[in-house]
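Peer 1: Okay, here's the structure, questions in a sec.
The values are calculated or read from the model by the stated rules, or taken from the named source; none is laboratory data. Computed from a predicted model, the values in this text were never measured in an experiment. Cβ atoms come from the backbone with ideal geometry, glycine included; neighbour counts cover every protein chain shown.
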Amino acid sequence: MSEEKDLQLADKLKESRTKIVKEMHKVIVGQENVIDEILLTFFSKGHALIVGVPGLAKTLLVSTLSEILDLRFSRIQFTPDLMPSDILGYEILQEDIALKTRKLEFMWGPIFSNIVLADEINRTPPKTQSALLQSMQEQRVTVFGKTRDLPTPFMVLATQNPIEQEGTYPLPEAQLDRFFMRINVDYPDHNQEVEIVEGTTGLKFPKIKKILTGEEIVELQNIVRKVPVDKSVLEFAIKIARLSRPGAANSPEFARKWISWGAGPRASQSLILAAKANCLLHGRFAVSQEDIIKVAPPVLRHRIVLNFQAQAEAITPDEIIKKLLDRAI
């Protein structure tokens with residue numbers, strides 16, 4: 001691909017972001033950071049964990065995005081009785097009466113979609129949660145000994161309710177690490193809530209325009225990885241991740257005091273990829289430390305495991321990340 005074509009795609013990515021955000025705001029009021037972080041995840045070929053209390057339009061946000069991008073969307077409601085086959089699919093014995101033959105036919109599960117919403121993922125046992133691991137890491141699944149590729153583009157968006165803990169199964173750290181970002185959804189402010197109530201209690205329903213095709217999306221996702229990164233910026237991202245590890249020789253005192261396990265190499269990779277996507281989506285062609293600083297909270301907050309002392313002192317991952325950034329700069 002020529003350099004001129006790459007620049008055209010980079011410009012197209014910025015323009016597409018503007019159009020997507022405009023269409024999203026026909027349905028979603030506010031939540032600019034949430035929309036931005038979901039787009040960063042999507043164009044980086046990642047997956048996101050969306051955390052927020054009920055009623056903040058998490059499901060609506062995801063379904064609207066799939067409609068704007070004209071992609072196949074599946075919503076899986078995770079419950080205690082959900083089985084892996086309910087996600088991946090299963091084989092059934094079909095009989096052809098006319099030919100007097102029988103054959104096994106695969107029934108495709110909802111995972112075979114472009115955007116998969118795993119709603120309340122922590123309400124199902126680990127056996128079912130783990131059904132998503134291969135799909136998130138390799139973009140394919142193995143069912144009954146046969147491996148099947150998932151469609152392209154592909155993204156898993158999982159939601160969690162931070163309030164209710166009874167009857168839930170916390171995601172293991174190995175699975176949390178496979179989420180590119182953890183996106184926190186907060187309450188709207190007063191004016192936004194007025195706009196939400198006024199806009200959703202009448203008879204008007206917004207019409208959504210489709211912005212990109214699947215082929216165009218794949219091209220734009222690939223251009224993100226072509227963005228050059230200066231060695232100093234690369235070292236900055238790695239330094240942040242390494243400072244979070246309490247066992248490292250140069251780890252700060254607060255890391256040893258409050259952190260059980262720090263961010264691994266996948267965090268460093270995600271910081272760089274998210275920073276590349278951020279600079280392109282905002283019309284720039286070179287990654288800076290500011291890009292790393294902006295994406296650090298959603299990339300790191302689910303990868304830093306706090307110890308009992310931090311929890312007792314009500315220390316949050318975001319507070320830790322701010323201290324890490326201050327130390328790294």
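Peer 1: Which ones in segment 269-328 are more than 23 Å from the chain's Cα centre (by Cα), outside any loop (DSSP other than H, G, I, E, B) and without any contact (Cβ under 8 Å) to a residue 40 or more places away in the chain?
Peer 2: Phe308, Gln311, Ala312, Asp326
Peer 1: Check Pro151 against each of (1) closer than 15 Å to Ile272 by Cα; (2) in a loop (DSSP other than H, G, I, E, B) and name the one condition it does not meet.
Peer 2: Tallying (1) closer than 15 Å to Ile272 by Cα; (2) in a loop (DSSP other than H, G, I, E, B), Pro151 fails exactly one: (1).
Rundown of residues vs (1) assigned to a helix (DSSP H, G or I); (2) basic (Lys, Arg); (3) in contact with a Ser or Thr (Cβ under 9 Å, 6 or more places away or on another chain); (4) closer than 20 Å to Val299 by Cα, yes/no style:
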position: Arg182; (1), (2), (3), (4): no, yes, no, yes
position: Asp186; (1), (2), (3), (4): no, no, no, yes
position: Asn191; (1), (2), (3), (4): yes, no, no, no
position: Ile196; (1), (2), (3), (4): yes, no, no, no
position: Gly199; (1), (2), (3), (4): yes, no, no, no
position: Pro206; (1), (2), (3), (4): no, no, no, no
position: Lys210; (1), (2), (3), (4): no, yes, no, no
position: Leu234; (1), (2), (3), (4): yes, no, yes, yes
position: Asn250; (1), (2), (3), (4): no, no, no, no
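Peer 1: If you don't mind, there's one more thing I want to ask. Can you name every residue in segment 315-329 that is exposed (fewer than 12 other Cβ atoms within 10 Å of the Cβ) and at pLDDT below 90?
Peer 2: From segment 315-329, those exposed (fewer than 12 other Cβ atoms within 10 Å of the Cβ) are 326, 329; that's our starting set.
Selection gives Ile329 alone.
Peer 1: I'd like the full set of residues that are outside any loop (DSSP other than H, G, I, E, B) and of a type in the set (A, V, I, L, M), limited to segment 48-71.
Peer 2: Within segment 48-71, the first condition is being outside any loop (DSSP other than H, G, I, E, B), and the residues that meet it are 48-51, 58-68.
Matches in segment 48-71: Ala48, Leu49, Ile50, Val51, Leu60, Leu61, Val62, Leu65, Ile68.
Peer 1: Also: Among the listed residues Gly247, Gly202, Gly264, which satisfies the condition of being in contact (Cβ under 8 Å) with a residue 24 or more places away in the chain and surrounded by fewer than 20 Cβ atoms within 10 Å (Cβ to Cβ)?
Peer 2: Details: Gly247 fails: in contact (Cβ under 8 Å) with a residue 24 or more places away in the chain; Gly202 fails: in contact (Cβ under 8 Å) with a residue 24 or more places away in the chain.
Answer to the selection: Gly264.
Peer 1: Quick check on my filter: what residues within segment 99-136 are outside any helix (DSSP H, G or I) and free of Cβ contacts under 8 Å to residues at least 12 places away in the same chain? Working first, answer last.
Peer 2: Within segment 99-136, the first condition is being outside any helix (DSSP H, G or I), and the residues that meet it are 99-120, 124-125.
Once the filter is applied, which keeps residues that are outside any helix (DSSP H, G or I) and free of Cβ contacts under 8 Å to residues at least 12 places away in the same chain, segment 99-136 yields Leu99, Lys100, Thr101, Arg102, Lys103.
Peer 1: Within segment 297-307, does at least one residue satisfy the condition of being surrounded by fewer than 21 Cβ atoms within 10 Å (Cβ to Cβ), farther than 30 Å from Glu67 by Cβ and touching a Pro at 6+ places or on another chain (Cβ under 7 Å)?
Peer 2: yes
Peer 1: Hey, among Gly145, Gly109, which residue is small (Gly, Ala, Ser) and on the phi > 0 side of the Ramachandran plot? Walk me through it before giving the result.
Peer 2: Numbers: Gly109 fails: on the phi > 0 side of the Ramachandran plot.
Residue meeting the stated conditions: Gly145.
Peer 1: Here is a further query. Filter segment 158-212 down to the residues that are of a type in the set (Ser, Thr, Tyr) and modelled with pLDDT of 85 or more, then identify the one that is farthest from the chain's Cα centre (by Cα). Walk me through it before giving the result.
Peer 2: We begin by selecting, within segment 158-212, every residue of a type in the set (Ser, Thr, Tyr); these are 159, 168-169, 187, 200-201.
After this cut, where a residue has to be modelled with pLDDT of 85 or more as well, the list is 159, 187.
On the way: Thr159: 10, Tyr187: 20 Å.
Looking at residues that are of a type in the set (Ser, Thr, Tyr) and modelled with pLDDT of 85 or more, I get Tyr187.
Peer 1: Out of segment 213-251, which residues are of a type in the set (Ser, Thr, Tyr) and either at pLDDT 90 or above or touching a helix residue (DSSP H, G or I) at 6+ places or on another chain (Cβ under 8 Å) (or both)?
Peer 2: Initial filter on segment 213-251 (of a type in the set (Ser, Thr, Tyr)): 213, 232, 244, 251.
Within segment 213-251, Ser232, Ser244, Ser251 meet the criteria.
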